[in-house]
Amino acid sequence: MPKDRIFRSDVLIIGCGIAGASAALEAAKSGLRVNIITKASVPEESNTYYAQGGIVSMGKDDNARILKEDIIKTGDGINNPESVEVLAGQGREFVERILIEELRIPFTRSSGETLDYAQEAGHSRRRILHVKDSTGRTIEETFIAALKKYSNVNFMTGRTAVDLLTVPHHSRNLISYYREPQCIGAYVLDNTSRAVDIYFANYTVLATGGCGAVYLYTSNPREAIGAGYAMAHRAGARIVNMEYIQFHPTSLYHRDSDGFLISETVRGEGARLKTKEGQTFMEKYSDKRELAPRDEVTRAIYEEMTNSDSSYVLLDLASYAKVEIKKRFPYIHKTCLEYGIDITREPIPVVPAAHYGCGGVLVDEWGRSSLGNLYAVGEVSCTGVHGANRLASTSLLEGLVWGTRAAQDIAAHFDPALPYEQEEIHPWYYPDREEEIDPALINQDWLTIRSTMWNYAGIIRTRKRLERAKADLEYLRHRIEKFYKEAKMDPKVVGLKHGIQVALMITHAALANPISLGAHFRKD
Ligand SMILES: Cc1cc2nc3c(=O)[nH]c(=O)nc-3n(C[C@H](O)[C@H](O)[C@H](O)COP(=O)(O)OP(=O)(O)OC[C@H]3O[C@@H](n4cnc5c(N)ncnc54)[C@H](O)[C@@H]3O)c2cc1C
């Protein structure tokens, strides 16, 4: 049996994408002792790393009121006005102070010293800062390099959070049941030694990102399975809006591509969508054809795929391009060529992909959750900024703003006295006989989760489909729970336990909400 250890810090941050890294940087500057963990083997690996488009700031003919209106229009009006006010009112200052002045992110400039502001769907102004088409990667690498300079930040890779530590739930002291529930850290699996260590902290910040990878087709890396939602749910924190999963209309359909995004500007430059047989179809769905809003295009593609029992449709740029393709889309051209597709000569096979979770752990404007001493920031949280749908390029900014503000709040209210008796906490329970895991079982369970979510709780939902999803997933959950209790601890087993729970959370929320709004579409 592996030997577990105990780690202590003022703040435990789970995840080091833009949200966790922002929280860590601010906490480090306040002199707090920070443990920051990631399940990845390199700290940069995250959704943040793959963000291409950019981060919202404020354009030249722009102001907070106009940005607020755009956010609320896209979110179908169910956004939290106080959170939108924070993002629109303070976002630009955070970008300038932290990203430009402090971290010196080399945002693309159009001529000389002038910043290049890009425009994306849903934005009424040009206001998106970018580093060519690798914004997330540059931001993430710069953050990690900056954090490594602080001696009070302890970086730990290859550590998978298993469960949040909460009192009274994990306490041996029965008197603790009379106190307010609070989070005091986490049980964390060391991916190498397979021990489940205890991480105590006065404050815990969940920054575990989104859950696109519970779907068969996703733009997210395969590790984005929503662990934070599952852990917060088990710990008793409030979770909201899980049904609002945003889908991107076009990702590359190829066995090896893992959801490479084909930008919507490709359709803006004339590309047309066709069935596998070469028939255009958008004219059946919208007067605007290929330039219809993202959700409408996504649903049209899905309908065509379902009706013709096809796994993809075609995006034909070669026959219609109004621009020189190689010059306008060098990255897409180069990447598709690597998969044997020359987009200057042939159509691109595409499929919609789960992209972003608008809901999550409910937090206030400082990132405080409903559970004592637990904060949540970035995609795992629900600040209410996005309402029923996210305005493009606002999520990196939300992670930056809320990550920083959460650490500011912790520093302002920091109480060094630990609010619990550490020796009263249960160590991790290991079964007497641990079974070796069979990867075939895990792979098949994931395939079932992902295809169930895609077909029954995906782009177009009906009560029948969702009820079927609920029944199938609940049955699978029983089997996974049994497996989890007997199997040797392993990041894959932990991921499966988190993943089935997240799939059920989305399904339950979608079933309970008969009203189509934003990213949640009910056909019945
Ligand atoms: C292809 C793509 C393009 C995008 N483009 C843009 C864009 O242009 N602009 C924009 O604003 N947004 C964009 N987004 C969305 C945006 O990238 C994300 O919403 C944002 O990066 C989320 O940041 P985060 O810090 O919350 O989470 P992430 O960056 O996903 O970080 C999560 C962290 O948590 C860790 N983690 C997860 N589970 C565990 C666990 N159990 N234990 C320990 N560690 C764990 C991960 O290893 C990682 O370090 C894009 C997303 C994708 C996938």
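The values are calculated or read from the model by the stated rules, or taken from the named source; none is laboratory data. From a predicted model like this one, the values you see are computed outputs, not experimental measurements. Methodologically, a virtual Cβ is constructed for each residue, glycine included, from the backbone with ideal geometry; neighbour enumeration extends over all protein chains shown. Surface accessibility is based on the protein's heavy atoms, side chains included, excluding ligands, DNA and RNA. Shrake-Rupley method; radii C 1.70, N 1.55, O 1.52, S 1.80 Å.
What the table shows:
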{"quantity": "With Cα atoms, 0 to 90° folded angle of helix 491-512 axis to the chain main axis", "calculated": "60"}
{"quantity": "Whether the range 470-512 is rounded, prolate or oblate, judged on the alpha carbon gyration tensor where a/c under 1.5 counts as rounded", "calculated": "oblate"}
{"quantity": "Rounded D (µm²/s) - the range 202-281, Kirkwood Rh over Cα pairs, Stokes-Einstein at 20 °C, 1.002 mPa s", "calculated": "138"}
{"quantity": "Simple spin-label estimate for residue 451 and residue 328 in nanometres, 7 Å along Cα-Cβ", "calculated": "3.8"}
{"quantity": "Candidate aspartates and glutamates - alpha carbon under 18 Å from residue 39, same-chain residues fewer than 8 apart omitted", "calculated": "4, 140, 141, 163, 190, 197, 223, 379, 490"}
{"quantity": "Cα-based reach from residue 288 at 18 Å (exclusive), listing lysines while leaving out same-chain residues under 8 positions away", "calculated": "274, 322"}
{"quantity": "Where Rh is the Kirkwood radius over Cα pairs, Rg/Rh for the chain", "calculated": "0.96"}
{"quantity": "Carbon/sulfur fraction of accessible area - the chain, other protein chains in place, 1.4 Å, %", "calculated": "49"}
{"quantity": "Average accessible surface area per residue within the range 445-524, 1.4 Å rolling probe, Å²", "calculated": "42"}
{"quantity": "Cα→Cβ-extended label distance, 7 Å offset, between residue 435 and residue 492, nm", "calculated": "1.5"}
{"quantity": "Directionally averaged shadow of the range 1-72, computed from the convex hull of its alpha-carbon atoms, nm²", "calculated": "8.4"}
{"quantity": "Cross-link pairs 470/492; 326/492; 73/523; 29/68 - those with Cα-Cα distance over 32 Å", "calculated": "326/492"}
{"quantity": "Between helix 64-74 and the chain: long-axis angle, C-alpha atoms, 0 to 90°, nearest 10", "calculated": "80"}
{"quantity": "Karplus-derived HN-Hα couplings along the range 305-310 (A = 6.51, B = -1.76, C = 1.60, θ = phi - 60°), whole Hz, x at Gly and Pro", "calculated": "5, 5, 5, 9, 6, 10"}
{"quantity": "Restricting the range 298-394 to GluC sites (Glu not before Pro) in coil, as DSSP defines it, with at most 11 other Cβ within 10 Å", "calculated": "324"}
{"quantity": "Sorted peptide list for 171-178, 348-355, 86-93, criterion being average Cβ within 10 angstrom, highest first", "calculated": "348-355, 86-93, 171-178"}
{"quantity": "Order by protection proxy (mean Cβ within 10 Å, highest first), peptides 483-495, 105-117", "calculated": "483-495, 105-117"}
{"quantity": "Extension reserve of the residue 173-residue 338 stretch, reckoned as 0.36 nm per residue once the Cα distance is removed", "calculated": "53.5 nm"}
{"quantity": "Semi-axis lengths (Å, descending) of the ellipsoid that matches the C-alpha gyration tensor of the range 63-190", "calculated": "38, 24, 13"}
{"quantity": "Estimated inter-spin distance, residue 110 and residue 279, nm [label 7 Å along Cα→Cβ]", "calculated": "4.4"}
{"quantity": "FRET efficiency, residue 195 to residue 256 (Cβ-Cβ, R0 41 Å, nearest 0.05)", "calculated": "0.75"}
{"quantity": "Net lengthening on full extension, residue 124/residue 287 (0.36 nm per residue, minus Cα-Cα)", "calculated": "56.6 nm"}
{"quantity": "Rounded accessible area per residue of the range 1-93, 1.4 Å, Å²", "calculated": "42"}
{"quantity": "Potential extension, residue 320-residue 467 segment - 0.36 nm per residue separation minus Cα distance", "calculated": "48.7 nm"}
{"quantity": "10 Å-binned pair-distance histogram of the range 336-428 (Cα, whole percent)", "calculated": "13, 29, 21, 18, 11, 6, 2"}
{"quantity": "³J(HN,Hα), Karplus 6.51/-1.76/1.60, whole Hz, each residue of the range 228-234, x for Gly, Pro", "calculated": "x, 4, 5, 5, 5, 5, 5"}
{"quantity": "Column: log10 I(q)/I(0), Debye, Cα scatterers of the range 384-524, q = 0.11, 0.15 Å⁻¹", "calculated": "-0.68, -0.98"}
{"quantity": "Whole-Å distance, taken between Cα centres, linking the range 59-93 and the range 402-473", "calculated": "31"}
{"quantity": "Distance between the range 336-388 and the range 103-128 - C-alpha centres, whole angstrom", "calculated": "21"}
{"quantity": "Cβ crowding within 10 Å averaged over residues, with 161-170, 147-156, 515-524 ranked highest first", "calculated": "161-170, 515-524, 147-156"}
{"quantity": "Computed [θ] at 222 nm, helices only, for the chain once each DSSP H run of length n ≥ 4 contributes -39500 (n - 2.57)", "calculated": "-10500 deg cm²/dmol"}
{"quantity": "Debye, to nearest 20: dipole size of the chain, +1 on Lys, Arg Cβ, -1 on Asp, Glu Cβ", "calculated": "540"}
{"quantity": "Förster-model FRET efficiency, 25 Å R0, residue 309 and residue 516, C-beta, rounded to 0.05", "calculated": "0.50"}
{"quantity": "Relative contact order %, the chain, counting alpha carbon pairs below 8 Å whose residues are six or more apart", "calculated": "22"}
{"quantity": "Size of charge dipole - the range 421-524 - debye, nearest 20, with Cβ of Lys, Arg +1 and Asp, Glu -1, no other charges", "calculated": "1040"}
{"quantity": "Mean separation of Cα contacts under 8 Å (6+ apart) over length of the range 1-121, as relative contact order %", "calculated": "17"}
